[in-house]
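A quick write-up on the structure given underneath.
Just so it is clear, none of the values below were taken in a lab; they were calculated from the coordinates. Quantities reported herein were computed from a predicted structural model and do not represent experimental measurements. Because the Cβ atoms are built from the backbone with ideal geometry, glycine has one as well, and the counts that use them run over all protein chains shown.
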Amino acid sequence: NRMHLLCPMNTSPHVNPHKSGHGIWEEFSHSFTPAVREVVEFAKRIPGFRDLSQHDQVSLLKAGTFEVLVVRFASLFDVKDRTVKFLGGNKYSVETLQAMGAGDFLTSMMDFSDKLMGLGLSEEEMSLFTAVVLISADRSGIENVNSVEALQETLIRHLRGLITKNHPNESAIFTKLLLRLPDLRSLNNMHSEQLLAFKVHP
Amino acid sequence: FSDPASNLGLEDIIRKALMGNLEERPE
């Protein structure tokens with residue numbers, strides 16, 4: 001009855017029965033570290049990010065990395081095929097993952113990915129949206145809220161301009177995109193609960 | 001467990017990745 005780390009950032013959903021909880025955790029950490037580094041590199045390229053205090057840069061990344069990864073890896077969740085692709089390259093059906101213990105969180109991730117991918121955004125639009133996800137002045141621990149807020153507003157303005165330019169006949173896309181932000185917060189909270197459950201019962 | 005990011009070791013990875021860039025900056 002061991003807990004599984006049913007996260008596509010892992011190479012596979014299967015757990016080596018001979019590995020300790022700590023060993024499983026270390027292997028998992030090894031899998032997601034490159035992706036986290038890429039999020040940091042992405043953040044550095046957001047104009048204005050490096051002008052924020054180092055404290056606020058860390059706070060934004062700590063709070064937002066999971067949400068950025070959800071956006072970045074939304075395509076791993078295939079709603080049509082009802083499969084999830086793990087970093088090891090294999091796809092696993094929703095039914096298989098549910099049999100291994102995946103519950104509402106998986107369903108919510110599939111729903112989110114379906115809604116986001118359904119908007120058909122370009123790479124540039126997705127990248128700007130990802131920047132908006134990361135630069136949020138209401139994250140906990142921000143010391144200079146005004147600076148983060150100013151950067152956030154600039155990014156939202158650019159995103160709106162880009163979406164309006166690229167989709168002149170689809171004015172609802174920008175609104176739909178902003179509605180994904182609270183979805184991401186909700187997924188972030190669910191993810192934290194999942195991590196807590198694993199930490200308590202590895 | 002109130003700080004899942006720290007529990008994941010995320011903060012350490014983030015700080016190192018950020019610091020790497022700072023070290024590359026010219027004096």
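Classify the range A:133-202 as rounded, prolate or oblate, taking a ≥ b ≥ c as the square roots of the eigenvalues of its Cα gyration tensor: rounded when a/c is under 1.5, otherwise prolate if a/b is larger than b/c and oblate if not. Verdict is oblate for the range A:133-202.
Computed on the Cα atoms alone, the convex hull of the protein assembly as shown gives a volume of 130 cubic angstrom per residue.
Computed from Cα atoms, the angle from the helix A:54-72 axis to the main principal axis of chain A rounds to 70 degrees. Across peptide A:57-63, the average count of Cβ atoms from other chains found within 10 Å of a residue's Cβ is 5. Considering only Cα atoms, the convex hull volume of the range A:42-112 works out to 117 Å³ per residue. Between helix A:104-118 and chain A there is an angle of about 40 degrees, using the helix long axis and the longest principal axis of the Cα atoms. Loop-located GluC sites (Glu not before Pro) in the range A:124-202 (DSSP state other than H, G, I, E, B) with a sparse environment of at most 16 neighbouring Cβ atoms within 10 Å: A:GLU143, A:GLU170. Restricting attention to the range A:84-202, the count of lysine pairs at 8 or more positions apart or across chains with alpha carbons under 25 Å apart stands at 6. The angle between the Cα long axis of helix A:145-166 and the longest principal axis of the Cα atoms of chain A comes to about 90 degrees, rounded to the nearest 10. For the range A:103-202, a crude dipole built from +1 on the beta carbon of Lys and Arg and -1 on the beta carbon of Asp and Glu, taken about the Cα centre, is about 80 debye to the nearest 20.
Using only Cα positions of the range A:35-83, each an equal point scatterer, no hydration layer, compute I(q)/I(0) via Debye at q = 0.14, 0.26 Å⁻¹ and quote the log10 values to two decimals. Debye output, listed in q order: -0.42, -0.97.
Put a plus charge on the Cβ of each Lys and Arg, a minus charge on the Cβ of each Asp and Glu, and nothing anywhere else: the dipole of the protein assembly as shown about its Cα centre is then about 340 debye. Reported to the nearest whole Å, the Cα centre-to-centre distance from the range A:84-123 to the range A:13-56 is 20.
Once you treat every alpha carbon in the range A:1-55 as an equal point and sum by Debye, what is log10 I(q)/I(0) at q = 0.16, 0.19, 0.24, 0.27 Å⁻¹? The calculated log intensity ratios at q = 0.16, 0.19, 0.24, 0.27 Å⁻¹ are -0.60, -0.70, -0.90, -1.05.
When the alpha-carbon atoms of the range A:61-189 are used, the pair Rg, Dmax equals 16.0, 47 angstrom. Inter-chain Cβ neighbour count for A:150-160, averaged per residue, equals 0 (cutoff 10 Å, partner chain atoms only).
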